[in-house]
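Accompanying notes for the structure given below.
The values are calculated or read from the model by the stated rules, or taken from the named source; none is laboratory data. Small disclaimer: the values here were computed from a predicted structure and weren't measured. For neighbour counting, all protein chains shown are included, and Cβ atoms are generated from backbone atoms with ideal geometry for every residue, glycine included.
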Amino acid sequence: MSEKTRVLILFGSDSDRATMEEAARVLESFGVAFRMETASAHRSPDRVRDIVREAPAQGVQVFIAGAGMANHLAGAVAAHTTLPVIGVPLGGSALAGVDSLYSTVQMPAGVPVATVAIGASGAKNAAVLAIQILALSDRGLALKLEDLKQRLARGERL
């Protein structure tokens with residue numbers, strides 16, 4: 001995309017890509033520039049740190065981070081930034097993503113991570129929440145969100 005990246009979508013492994021592409025589709029439908037990166041809080045913590053620290057200079061305003069099992073990716077991102085972080089708990093574990101939900105939502109005071117539902121619907125909602133954050137200073141996005149609410153009220157799907 002030629003426009004500056006406004007949202008950075010991170011996910012822990014390639015097996016998470018298909019679910020996180022749901023967030024990408026929503027951002028794309030709103031015309032929001034984004035980038036997707038695979039980076040594991042456990043397998044590549046230095047890479048996560050570097051990506052997060054370099055992101056603001058590239059125009060990133062919001063992070064969406066998704067991972068399964070003992071999902072610490074969103075928390076690792078939040079530890080390295082003051083920008084909003086939205087965590088998407090992913091399934092795939094013996095606990096069907098509940099373990100990921102708990103590790104994403106139970107952050108210590110001062111290190112917030114907005115947490116959405118487990119899986120694909122959560123990825124879609126993460127994108128909508130990111131757009132809502134961006135729409136605070138972008139009237140065009142705010143109008144598109146109003147249109148989305150009207151379409152949802154008519155029974156259309158996201």
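A few points about this structure:
- Unmet criterion (only one of (1) more than 17 Å from Val26 (Cβ to Cβ); (2) touching a strand residue (DSSP E or B) at 6+ places or on another chain (Cβ under 6 Å); (3) at pLDDT 95 or above) for Leu101: (3)
- Residue list for segment 8-65, restricted to those being assigned to a loop (DSSP other than H, G, I, E, B), in contact with a Ser or Thr (Cβ under 9 Å, 6 or more places away or on another chain), surrounded by 14 or more Cβ atoms within 10 Å (Cβ to Cβ) and not polar (S, T, N, Q): Gly12, Ala33, Gly59, Val60
- Inside segment 70-90, residues that are under 17 Å from Thr38 (Cα atoms) and in contact (Cβ under 8 Å) with a residue 40 or more places away in the chain make up a count of 7.
- Only listed residue being exposed (fewer than 14 other Cβ atoms within 10 Å of the Cβ) and within 29 Å of Pro56 (Cβ to Cβ), chosen from Arg139, Arg151: Arg139
- Leading residue by the ranking (surrounded by the most Cβ atoms within 10 Å (Cβ to Cβ)) among those in segment 66-83 that are in contact with a strand residue (DSSP E or B) (Cβ under 9 Å, 6 or more places away or on another chain) and part of a loop (DSSP other than H, G, I, E, B): Asn71
- Exactly one residue among Lys124, Lys144 is out of contact with any Leu (no Cβ under 6 Å at 6 or more places or on another chain), touching a residue at least 40 places away in the same chain (Cβ under 8 Å) and among the charged types (D, E, K, R), and that residue is Lys144.
- Matching entry among Ile86, Ile133 (being in contact with a helix residue (DSSP H, G or I) (Cβ under 8 Å, 6 or more places away or on another chain) and outside any loop (DSSP other than H, G, I, E, B)): Ile86
- Test: residue in segment 95-104 that is under 12 Å from the mean Cα position of the chain (by Cα), over 26 Å from Gln58 (Cα atoms) and surrounded by fewer than 23 Cβ atoms within 10 Å (Cβ to Cβ): no
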